[in-house]
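Have a look at the structure that comes next, please.
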Amino acid sequence: MTFRDLISETDYAEQRGVSVRSVQRERAQRIGPPFIKVGRKVYYRPAAIEAWLLAKEQIQPRAKGARS
């Protein structure tokens, strides 16, 4: 893995459509994807983001009284 393989904090926030501050808040609350910190810079591995998204995936429950 090289730095070219990593996604910057700014790019990650842009891809999600949220502010950098929102990403920082999630990181502080430990509810975001795993990250790599090099000095003051924060990076994300694409595979870590994908795993985090898959873990957040939810199955829609069936409606009460619904028949198969």
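Considering only residues of the range 1-28 that are over 14 Å from K41 (Cα atoms) and among the hydroxyl-bearing types (S, T, Y), which is modelled with the lowest pLDDT?
So the residue we want is T2.
Looking at the range 1-42, which of its residues are of a type in the set (S, T, Y), outside any loop (DSSP other than H, G, I, E, B) and within 21 Å of K56 (Cα to Cα)?
Answer for the range 1-42, where residues must be of a type in the set (S, T, Y), outside any loop (DSSP other than H, G, I, E, B) and within 21 Å of K56 (Cα to Cα): Y12, S22.
Counting just the residues of the range 16-61 that are of a type in the set (A, V, I, L, M) and surrounded by fewer than 10 Cβ atoms within 10 Å (Cβ to Cβ), which one comes out nearest to T2 (Cα to Cα)?
Looking at the filtered set, the residue picked out is V38.
If the requirement is being free of Cβ contacts under 8 Å to residues at least 24 places away in the same chain and of a type in the set (D, E, K, R), which of these qualifies: R45, R30?
R30
The values are calculated or read from the model by the stated rules, or taken from the named source; none is laboratory data. Remember, predicted model here, so these are calculated numbers, not experimental data. Using ideal geometry, Cβ is built from the backbone for each residue, glycine included, and neighbour counts are taken over all protein chains shown.
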